[in-house]
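Scroll down for the structure; my scribbles are underneath it.
The values are calculated or read from the model by the stated rules, or taken from the named source; none is laboratory data. The shown structure was predicted, so the numbers you read here are calculated from the model rather than taken from an experiment. Virtual Cβ from ideal backbone geometry, glycine too; neighbours counted across all protein chains shown. The protein model used for the area step is the full one, side chains on, heavy atoms only, and it has no ligands, DNA or RNA in it. Shrake-Rupley method; radii C 1.70, N 1.55, O 1.52, S 1.80 Å.
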Amino acid sequence: MKNEIIERFTSYVKVDTQSNENNDSCPSTPGQLTLANMLVNELKEIGMKDVTLDENGYVMATLPSNTEKQVPTIGFLAHVDTATDFTGANVKPQLVENYDGNDITLNQSLHIVLSPTHYPNLANYKGHTLITTDGTTLLGADNKAGIAEIMTAMAYLIKHPEIKHGKIRVAFTPDEEIGRGPHKFDVTSFNADFAYTVDGGPLGELQYESFNAAAAKITFKGNNVHPGTAKGKMINSAKIAMAFNSKLPAMEAPEFTEGYEGFYHLLSFTGDVEETKLHYIIRDHDKQKFEARKKTVVDLVDEFKSVYGPDTIILELNDQYYNMRDKIEPVKYIVDIAHQAMENLGIEPIVEPIRGGTDGSQLSYMGLPTPNIFTGGENFHGKFEFISVENMIKATNTIIEIIKLFEERAGR
């Protein structure tokens, strides 16, 4: 299985699938369709049935049931796109065999080193086979590791028909990194009772709680005149925007929060005297606190309008997704089964909230309860991203064990 999963993963990451939030098409970039077509061919080659690729880049396939028991239809999902934070073009994966616990030189000419001094989590991987970047791109383990693990699990089950299972559905989706992954996902066609996204990080992660999420785009209108004659005439929109940002709680930002703590995150600040735009995301696990955070922004906008005029500030505030816990708790046993699967394999489950969202955050509200399990990767979205091959194999085995437990449970 080791060589198989390395080959799959390294072939996927070489395809540039970085999504683009400024393009309204689906998928937002052509590389995602390139990989989707590769996956369609591979699914057919390994023996999956009902393999489809729709006009929006969603790949779906079926592993038919091989048991007479009435087993729920389970889905497994991963996304083909990579993050917008760092380039995903010309990825050159590097294999580090039997990692010795010391610095890893990613790029000698550019002096880029992955060091346990800065990333102490590397200590957990001594003796592992690691896949890293060459220091000039992200790796794309988020979420091509999930694709490789699902694909390898399906190939294994097809080769081992003695393992009894119900009907399994798999899907590979576009544009998760820009929040649109489920927007055109056909839950009815997917036709699963429950699903799991294979989109987590380190070994053992099991997540069924996510943030409630909103985006706020605020435009400040100013008036630019020559600074020599500006008295009483100039309205400096950049200064107003700076004053606005200073009114938000400084310590309620991503760099100061953890666990269940929510935040306001200033993603971008662009502009000049005439016009300035601030782009925030607002996050909280607690629904009441989430609503209070949004109200804080609305009230602050109203306060500034009262000072600078009603037409000087424009607020666009939109919800993005909600905490999937509310939809998963009524069927919590699907989380319990994943928990048991990991324990059966000697993996310590790490049940913790996602400080973000997955496709499951939206899919759960679309009628498909979808918790999230680990892939084995770390340091996502940047040049120091890496993944353990041994933990990818454990993720693959977790998928298989979940499938086995559902079949066993159906006989009780």
Going through region 297-313 in order, the residues found to be open to solvent by less than 80 Å² (accessible area, probe 1.4 Å), in contact with a strand residue (DSSP E or B) (Cβ under 8 Å, 6 or more places away or on another chain) and either part of a strand (DSSP E or B) or in contact (Cβ under 8 Å) with a residue 24 or more places away in the chain (or both) are Val297, Val301, Phe304, Thr312, Ile313
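Can you tell me which residue is nearest to Ile313 (Cα to Cα) among those in region 248-281 that are β-branched (Val, Ile, Thr) and touching a Ser or Thr at 6+ places or on another chain (Cβ under 9 Å)?
The extreme case among them is Thr276.
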Failed criterion for Tyr99 (all others in (1) open to solvent by 30 Å² or more (accessible area, probe 1.4 Å); (2) at pLDDT 95 or above; (3) assigned to a loop (DSSP other than H, G, I, E, B); (4) over 29 Å from Leu363 (Cβ atoms) hold): (1)
Looking at (1) open to solvent by 10 Å² or more (accessible area, probe 1.4 Å); (2) in a loop (DSSP other than H, G, I, E, B); (3) of a type outside the set (D, E, K, R), which one does His339 not meet, given that it meets all the others? (2)
Please verify whether region 382-390 includes one or more residues that are within 16 Å of the chain's Cα centre (by Cα) and not in a strand (DSSP E or B). yes
Checking the condition charged (D, E, K, R) and closer than 25 Å to Val15 by Cα, which residue from Asp85, Asp103 passes? Asp85
Options Asp175, Asp199, Asp193; residue that is open to solvent by 30 Å² or more (accessible area, probe 1.4 Å) and touching a residue at least 60 places away in the same chain (Cβ under 8 Å): Asp193
Count - residues of region 341-398 that are closer than 19 Å to Arg8 by Cα, among the small types (Gly, Ala, Ser) and in contact with a Leu (Cβ under 7 Å, 6 or more places away or on another chain): 2
Here are Gly88, Gly47, Gly57: which of them is out of contact with any His (no Cβ under 8 Å at 6 or more places or on another chain), more than 24 Å from Met392 (Cα to Cα) and small (Gly, Ala, Ser)? Gly57
Please go through region 334-358 and give me each residue that is free of Cβ contacts under 8 Å to residues at least 12 places away in the same chain and over 19 Å from Asn391 (Cα atoms), ordered by number. Asp336
Which numbered condition Lys332 misses (of (1) surrounded by 19 or more Cβ atoms within 10 Å (Cβ to Cβ); (2) closer than 17 Å to Ile403 by Cα; (3) basic (Lys, Arg)): (1)
Kindly list the number of the only condition in (1) surrounded by fewer than 19 Cβ atoms within 10 Å (Cβ to Cβ); (2) under 26 Å from the mean Cα position of the chain (by Cα); (3) β-branched (Val, Ile, Thr) that fails for Ile158. (2)
Output the number of the condition that Glu255 fails; it satisfies all remaining conditions of (1) exposed (fewer than 15 other Cβ atoms within 10 Å of the Cβ); (2) more than 30 Å from the chain's Cα centre (by Cα). (2)
Among the residues of region 126-143, write down those that are open to solvent by less than 10 Å² (accessible area, probe 1.4 Å), out of contact with any Leu (no Cβ under 8 Å at 6 or more places or on another chain) and not in a helix (DSSP H, G or I). Thr137, Leu138, Leu139, Gly140
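In the list Glu385, Glu390, Glu401, which residue meets the criterion of being open to solvent by less than 20 Å² (accessible area, probe 1.4 Å), of a type in the set (Asp, Glu) and in contact (Cβ under 8 Å) with a residue 12 or more places away in the chain?
Only one candidate qualifies: Glu385.
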